[in-house]
Amino acid sequence: PFWVAIGEMAVRGLTNFGMFFIIFSNAIDYLNKKSPWKDRLLARLAANLVIIIAATFLATFANVFLGPPSIVKIVEPFLPFAFIVSFFQCLAVFLLIEGWESFQRNRDLERSISQLEKEKLTTELTALRQQVNPHFLFNSLNVLSELIHEDLGKADDFIQHFSRIYRYVLDINQETVVT
């Protein structure tokens, strides 16, 4: 009789767990859309408490309807005992599901932050490149202007080197890393 009663309690516990899981999964999804934690903390806490108590009453009355398991017949009265057990089962399942949902939201936020940081760096690099090209060209032309007046040979060499360098700059313009 002891093992039969333990088996009966295990089946009831798994049934309650399944019922709580279905209720809380749907309720938490609904509340995340209608009343997110960050926007309405007190309303969300109140809604969660109401859902936990309602699910506890539902499980308690389902267990009372089935009658006390044979191992619990020594506990009198059965209704408060069933309520307390159902409440703690309900609370454990709720915290498990809410914790998992919070973990998922946190992971999604970290991914979003990482993506935004990557986009920010790319934008900064593009802006820097757009600033460097005109400055490089302007400075190089100023040097060439001075060389033309001093030494035409050096100016010609400068133009040859400058054209190779500027061709390289144009070729690697879209690269993020270069040798």
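The values are calculated or read from the model by the stated rules, or taken from the named source; none is laboratory data. Everything numeric here is computed off the predicted structure, so don't read it as measured data. Cβ: placed from backbone, ideal geometry, glycine included. Neighbour counts: every protein chain shown. With ligands, DNA and RNA removed, areas are computed over all heavy atoms of the protein, side chains included. Shrake-Rupley method; radii C 1.70, N 1.55, O 1.52, S 1.80 Å.
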Of the residues in the range 34-65 that are outside any helix (DSSP H, G or I) and open to solvent by 50 Å² or more (accessible area, probe 1.4 Å), the one that is nearest to LEU96 (Cα to Cα) is TRP37
For the list (1) part of a helix (DSSP H, G or I); (2) among the β-branched types (Val, Ile, Thr); (3) over 30 Å from ASN32 (Cα atoms), I need the number of the one condition that ILE113 fails.
(3)
Between a residue in the range 96-120 that is more than 24 Å from ILE22 (Cβ to Cβ) and any residue that is open to solvent by 60 Å² or more (accessible area, probe 1.4 Å) and among the hydrophobic types (A, V, I, L, M, F, W, C), which pairs come within a Cβ distance under 6 Å, given they are 6 or more apart or on different chains?
none
I need the full set of residues from the range 6-29 which are modelled with pLDDT under 75 and either of a type in the set (Val, Ile, Thr) or exposed (fewer than 15 other Cβ atoms within 10 Å of the Cβ) (or both), in order please.
ILE6
Test: VAL72 is out of contact with any strand residue (DSSP E or B) (no Cβ under 7 Å at 6 or more places or on another chain), hydrophobic (A, V, I, L, M, F, W, C), open to solvent by less than 60 Å² (accessible area, probe 1.4 Å) and modelled with pLDDT under 85
yes
Scanning the range 166-179 residue by residue, the ones that are assigned to a helix (DSSP H, G or I) and surrounded by 11 or more Cβ atoms within 10 Å (Cβ to Cβ) total 3
Subset of the range 138-157, residues of a type outside the set (Ser, Thr, Tyr), open to solvent by less than 50 Å² (accessible area, probe 1.4 Å) and within 30 Å of ALA127 (Cα to Cα), comes to LEU144
Number of positions in the range 121-179 that are touching a residue at least 40 places away in the same chain (Cβ under 8 Å) and of a type in the set (A, V, I, L, M, F, W, C)
1
